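Below is one structure, written out as structure tokens, with a few remarks after it.
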Amino acid sequence: MEEDRTINCTTFQKQEPAIKEITDKINMAQKVMEKAELAEELQKEVDVLLSCPYYDKASINCKNCHFIANLRKKTASLIIKAKKLA
């Protein structure tokens, strides 16, 4: 998705800065345990988007939001699984 395109949704706009901050911290973390703890935080923030009471399956904004949120949730889950291997 291009940087100049945004999802027109107040819930997404509210969650996005926190999600970006946690993602940046995950990327900068050196230890797997630290990454896993942050990934758990990320899942909580992403769950807010996935459980949005205003979700409309006909809305392209909602579809895009859920697509991105699901990718982030899967990524966080992989990081958490990596903790068990460490």
What longest region of the chain stays clear of trypsin sites (Lys or Arg not before Pro) that DSSP places outside H, G, I, E and B and that have at most 15 other Cβ atoms within 10 Å?
58-86
I'm a student and want to see the number: the projected area of the Cα convex hull of the chain, averaged over all directions, in nm².
5.7
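Taken together, the values in this text are just the output of simple stated rules run on the coordinates, not laboratory data. Since we're looking at a predicted model, the values are computed, not measured. Cβ sites come from the backbone with ideal geometry, for glycine too, and all protein chains shown count toward neighbours.
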